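Q: A single structure is presented below for examination.
The values are calculated or read from the model by the stated rules, or taken from the named source; none is laboratory data. Everything numeric here is computed off the predicted structure, so don't read it as measured data. Note that we place each Cβ from the backbone using ideal geometry, even for glycine, and neighbour counts take in every protein chain shown. Only protein heavy atoms, including side chains, enter the accessible area calculation; ligands, DNA and RNA are left aside. Shrake-Rupley method; radii C 1.70, N 1.55, O 1.52, S 1.80 Å.
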Amino acid sequence: TVLSIAVSIFIFAALMSLPTLINRILRERANSERLVVRSKAGFLYKLPYAYRRRIQGIRHVEIVSGEMIFMATYRDPADQVPAVAIDAEGIEQLFSDWSIAPEAAARFAALRTAALVGETLIDRFHWKLGDRITLHGMSLPIDVQLTIVGRLGGSAPAFAVIFRRDLLDE
């Protein structure tokens, strides 16, 4: 009985903090020239891939990238890590205000398991470039193994992990 109550409280707390976390990730985007389009069903629902071509066809649209929020834990359930899976193409252009080093962007595009990590998480978990980490999904019942290839800086969320969406889709 105690275990079921503890699990229920944990799930409730995780679900209640999700909107705040997503708003915090997206807060900086409100002041940029980026437009975020999502399903009206919620953040966890993907738009069909065919929409990408339709959006790219709109005048003045320079780049389109898909993304998916992936709530995860690192070592235990208390180590929650917000992660975003995005398309690897054009990451430097899309997030030019995030101070992503050109060599990190190149490694991100070349390595399927690549991840870019914010400074807060690097300091908290003592990660360094080249480390392999495993994130355990909360919203999806999968584990994702990633290799840290760069840091997020500038106006990027310092507490987030960015990795490739094709890895998550696979």
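Q: Can you find a residue in region 82-103 that is out of contact with any Pro (no Cβ under 9 Å at 6 or more places or on another chain), among the polar types (S, T, N, Q) and closer than 30 Å to ALA50 by Cα?
A: yes
Q: Checking the condition among the charged types (D, E, K, R) and farther than 28 Å from SER8 by Cβ, which residue from ASP131, ASP143, ASP76 passes?
A: Result of the check over ASP131, ASP143, ASP76: ASP131.
Q: Here's a follow-up. Kindly evaluate ILE148 against the criterion of being of a type in the set (Val, Ile, Thr), outside any strand (DSSP E or B) and in contact (Cβ under 8 Å) with a residue 24 or more places away in the chain.
A: Answer is no for this residue.
Q: Scanning for something without any contact (Cβ under 8 Å) to a residue 12 or more places away in the chain, touching a Ser or Thr at 6+ places or on another chain (Cβ under 6 Å), under 30 Å from VAL7 (Cα atoms) and open to solvent by 40 Å² or more (accessible area, probe 1.4 Å), does region 124-145 turn up at least one residue?
A: Scanning region 124-145, I find at least one residue that is without any contact (Cβ under 8 Å) to a residue 12 or more places away in the chain, touching a Ser or Thr at 6+ places or on another chain (Cβ under 6 Å), under 30 Å from VAL7 (Cα atoms) and open to solvent by 40 Å² or more (accessible area, probe 1.4 Å), so the answer is yes.
Q: Additional query: Could you please find all residues in region 107-138 being within 22 Å of GLU92 (Cβ to Cβ), of a type in the set (A, V, I, L, M, F, W, C) and assigned to a helix (DSSP H, G or I)?
A: Result: PHE108, ALA109, ALA110, LEU121, ILE122.
Q: Yes or no: region 100-115 includes at least one residue that is of a type outside the set (Gly, Ala, Ser), more than 21 Å from ARG24 (Cα to Cα), under 15 Å from the mean Cα position of the chain (by Cα) and open to solvent by 80 Å² or more (accessible area, probe 1.4 Å). Can you show your working first?
A: Of region 100-115, the ones of a type outside the set (Gly, Ala, Ser) are 100, 102-103, 107-108, 111-113.
Subset that is more than 21 Å from ARG24 (Cα to Cα): 102-103, 107-108, 111-113.
Imposing the further condition that a residue be under 15 Å from the mean Cα position of the chain (by Cα) reduces the set to 108, 112-113.
Remaining after also requiring open to solvent by 80 Å² or more (accessible area, probe 1.4 Å): 112.
Looking for residues that are of a type outside the set (Gly, Ala, Ser), more than 21 Å from ARG24 (Cα to Cα), under 15 Å from the mean Cα position of the chain (by Cα) and open to solvent by 80 Å² or more (accessible area, probe 1.4 Å), one finds at least one in region 100-115, hence yes.
Q: Another question about this same structure. Can you name the number of the only condition in (1) at pLDDT below 85; (2) of a type outside the set (S, T, N, Q); (3) touching a strand residue (DSSP E or B) at 6+ places or on another chain (Cβ under 6 Å) that VAL81 fails?
A: So VAL81 meets the others, but not (1).
Q: I'd like the full set of residues that are among the aliphatic types (A, V, I, L, M), open to solvent by less than 70 Å² (accessible area, probe 1.4 Å) and either modelled with pLDDT of 80 or more or in a helix (DSSP H, G or I) (or both), limited to region 8-40.
A: The answer is ALA13, ALA14, LEU18, LEU21, ILE22, ILE25, LEU26.
Q: Sort out which residues of region 91-123 are under 23 Å from ALA72 (Cβ atoms) and in contact with a Ser or Thr (Cβ under 7 Å, 6 or more places away or on another chain), and write them in order of number.
A: Matches in region 91-123: LEU94, TRP98, LEU111, THR113, ALA114, ALA115.
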